[in-house]
1. For the list (1) more than 23 Å from TYR120 (Cβ to Cβ); (2) out of contact with any helix residue (DSSP H, G or I) (no Cβ under 9 Å at 6 or more places or on another chain), I need the number of the one condition that ARG39 fails.
2. Just for the stretch 124-148: of the residues that are surrounded by 13 or more Cβ atoms within 10 Å (Cβ to Cβ) and of a type in the set (Ser, Thr, Tyr), which one is farthest from ALA95 (Cα to Cα)?
3. Can you tell me which residue within the stretch 12-40, out of those that are open to solvent by 70 Å² or more (accessible area, probe 1.4 Å) and assigned to a helix (DSSP H, G or I), is farthest from SER60 (Cα to Cα)?
4. For the stretch 49-100, name all the residues that are open to solvent by 70 Å² or more (accessible area, probe 1.4 Å) and either of a type in the set (Phe, Trp, Tyr) or in contact with a Ser or Thr (Cβ under 7 Å, 6 or more places away or on another chain) (or both).
5. Residue check: is GLU9 open to solvent by 70 Å² or more (accessible area, probe 1.4 Å), part of a loop (DSSP other than H, G, I, E, B), in contact with a strand residue (DSSP E or B) (Cβ under 8 Å, 6 or more places away or on another chain) and within 20 Å of ASN117 (Cβ to Cβ)?
6. Of these, ASN67, ASN63, which one is assigned to a loop (DSSP other than H, G, I, E, B), under 16 Å from the mean Cα position of the chain (by Cα), within 29 Å of TYR123 (Cβ to Cβ) and not basic (Lys, Arg)?
7. Could you list, in sequence order, the residues of the stretch 16-41 that are more than 20 Å from the chain's Cα centre (by Cα) and of a type in the set (A, V, I, L, M)?
Amino acid sequence: DAYYVSNFEPKATDVTPAGFDPLADLIAKAHDTSSGGQRIEVHAWIVTYPIWNSQNTSPSQPNHPYNLHPDWLTRNSSGTQWDGSNYGFDPGHPAVQEHTFNVAMDLISRYDIDGFNFDYVRYSGVTWGYNPVAVARFNQRFNRTGNPAPTDPDWMQWRRDQVTALV
């Protein structure tokens, strides 16, 4: 959820009033040196792949990416989507990469931020990344079928390459 006005993410439900832009307000105050104060840098920070942190409820916003794209969720090698703390999008799904890139570029291009940080720019663990689209892409690349083993060296490198491609 965004603590700014986003073209790609819903505004966080705890931002009030509805028209308030917390990031724009923070940047204006941090960059204001008119009273002799020192300029403070503002670095935007996003949680990269985790998308929703409740196993029992869905986001209330209909336009929340979790609600719009359940097919982007990552899975572990057993097919589970909940990692114990979050649902996450799969770095091996091209639409996830495009969406994440768009979110980052939206922030970078529309706000006078001084830096940008990807957090949680990783898989949830070695057994994660088994979204059907990701597995199909891996299998096509390596002329294989089925699910690769979590310890398969080609699979491990392919997963690393997905994260690197975004960064």
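1. Here ARG39 meets the rest and fails (2).
2. THR127
3. LYS29
4. Once the filter is applied, which keeps residues that are open to solvent by 70 Å² or more (accessible area, probe 1.4 Å) and either of a type in the set (Phe, Trp, Tyr) or in contact with a Ser or Thr (Cβ under 7 Å, 6 or more places away or on another chain) (or both), the stretch 49-100 yields ASN53, SER60.
5. no
6. When all the criteria are applied, what remains is ASN63.
7. ALA18, ALA24, LEU26, ILE27, ALA28, ALA30, ILE40
The values are calculated or read from the model by the stated rules, or taken from the named source; none is laboratory data. These numbers come from a predicted model, not from an experiment. With ideal geometry, Cβ positions are generated from the backbone for all residues, glycine too; neighbour counts draw on all protein chains shown. Surface areas here come from the heavy atoms of the whole protein model, side chains and all, with no ligands, DNA or RNA. Shrake-Rupley method; radii C 1.70, N 1.55, O 1.52, S 1.80 Å.
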